[in-house]
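Read the figures in this text as sums done on the coordinates, not as results from a lab. Being a predicted model, the structure only gives us computed values, none of them experimental. Backbone-built Cβ (ideal geometry, glycine too); neighbour counts: all protein chains shown.
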Amino acid sequence: GNSVTQMEGPVTLSEEAFLTINCTYTATGYPSLFWYVQYPGEGLQLLLKATKADDKGSNKGFEATYRKETTSFHLEKGSVQVSDSAVYFCALSASGGSYIPTFGRGTSLIVHP
Amino acid sequence: DTAVSQTPKYLVTQMGNDKSIKCEQNLGHDTMYWYKQDSKKFLKIMFSYNNKELIINETVPNRFSPKSPDKAHLNLHINSLELGDSAVYFCASSQAGLPTDTQYFGPGTRLTVL
């Protein structure tokens, strides 16, 4: 079956530090890949996505590149802010099956001033 | 102008009771979902409906019964509540349920079973 593996958190950084959150996946078919963000007390919201190999998703300074050869979709940001503190979820949805969305376990990011 | 709304936001109840959570989306989407998020933030899909038809039914106790009266609404009824049902339940919707579709989540319903 499909699965998503994310690095465990929490990830603790100082403001303006570089961020990487690793995500790897296994999937049948050709998955679309997503990063969602969950701020405290809220539902998840889309951060970025990529629907085919070598696509780069980007939004609000965050980027992730769909790497089929390494089955990865790592999230990066060059300079984090306190307001980026949240839980980040890597997710996939694969064709060739029932399109069941699969989420990673989430990585908590804490950014200190 | 909330896109996906859920009621109630908080639900505290005793073991053995029956409760319902309601969800509505005003995005004109065809597909709706229910997810359960446990205390460690793990998110697991429970059900999905496309145009009122059940298309995903993961391994969920049959005490949980979804109902979609129309494509804008997906409700979740839970019978005989157990302590392990305590979690945050999220409703979501997407355009057509395709793999490339973004999911839009509601604010969640925090269920506490005492």
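Under a cut-off of 15 Å between alpha-carbon atoms, report the aspartates and glutamates in cross-link reach of residue B:19, not counting same-chain residues fewer than 8 places apart.
Of all the aspartates and glutamates, those that pass the test against residue B:19 - Cα under 15 Å, at least 8 places apart if same chain - are B:82, B:85.
Would you please name the GluC sites (Glu not before Pro) within region A:43-113 that are DSSP coil residues with at most 13 other C-beta atoms within 10 Å of their C-beta? List each step's numbers first, then the result.
Working: sites: A:63, A:69, A:76; in loops: A:69.
In loop regions of region A:43-113 (DSSP not H, G, I, E or B), the sparsely surrounded GluC sites (Glu not before Pro) are A:69.
With +1 on the Cβ of every Lys and Arg and -1 on the Cβ of every Asp and Glu, and nothing else charged, how large is the dipole of the protein assembly as shown about its Cα centre, in debye rounded to the nearest 20?
On the way: 20 positive and 21 negative charges, 71 e Å.
Roughly 340 debye for the protein assembly as shown.
Test of the criteria: in region A:6-82, which trypsin sites (Lys or Arg not before Pro) are in a DSSP loop and have at most 16 other Cβ atoms within 10 angstrom of their Cβ? Walk me through the intermediate numbers first.
Values: sites: A:49, A:52, A:56, A:60, A:67, A:68, A:77; in loops: A:52, A:60, A:68.
Counting only loop positions with at most 16 other Cβ atoms within 10 Å, the trypsin sites (Lys or Arg not before Pro) in region A:6-82 are A:52, A:60, A:68.
Report, by chain and number, residues whose modeled amide H sits under 5 Å from the one on residue A:100, excluding near sequence neighbours (fewer than 5 apart, same chain).
A:94
Under the Karplus relation 6.51 cos²θ - 1.76 cosθ + 1.60, θ = phi - 60°, what is the ordered set of whole-Hz ³J(HN,Hα) values for region A:9-18, x standing for Gly and Pro?
Whole-Hz 3J(HN,Hα) from phi for region A:9-18: x, x, 9, 10, 9, 8, 3, 6, 6, 7.
Which ³J(HN,Hα) values, rounded to whole Hz and listed in residue order, are derived for region A:56-66 from phi using the Karplus coefficients 6.51, -1.76 and 1.60 in 6.51 cos²θ - 1.76 cosθ + 1.60 with θ = phi - 60°, glycine and proline given as x?
Working through the residues one at a time gives 10, x, 8, 5, 6, x, 8, 9, 8, 10, 6 Hz.
Among B:22/B:71; B:40/B:71; B:9/B:40; B:9/B:67; A:60/B:71, which pairs are too far apart, with a Cα-Cα distance over 22 Å?
Working: B:22/B:71 13 Å; B:40/B:71 31 Å; B:9/B:40 19 Å; B:9/B:67 19 Å; A:60/B:71 32 Å.
B:40/B:71; A:60/B:71, as the Cα separations exceed 22 Å there.
Starting from the Cα of residue A:49, draw a straight line to each of the aspartates and glutamates and keep only those under 15 Å, dropping any in the same chain fewer than 8 residues away.
The qualifying aspartates and glutamates are A:63, A:76, B:101.
Among all the lysines, which ones have a C-alpha under 17 Å from residue A:52's C-alpha, if same-chain residues fewer than 8 places away are not counted?
Answer for residue A:52, where 17 Å is the Cα cut-off: A:68, listed by chain and number.
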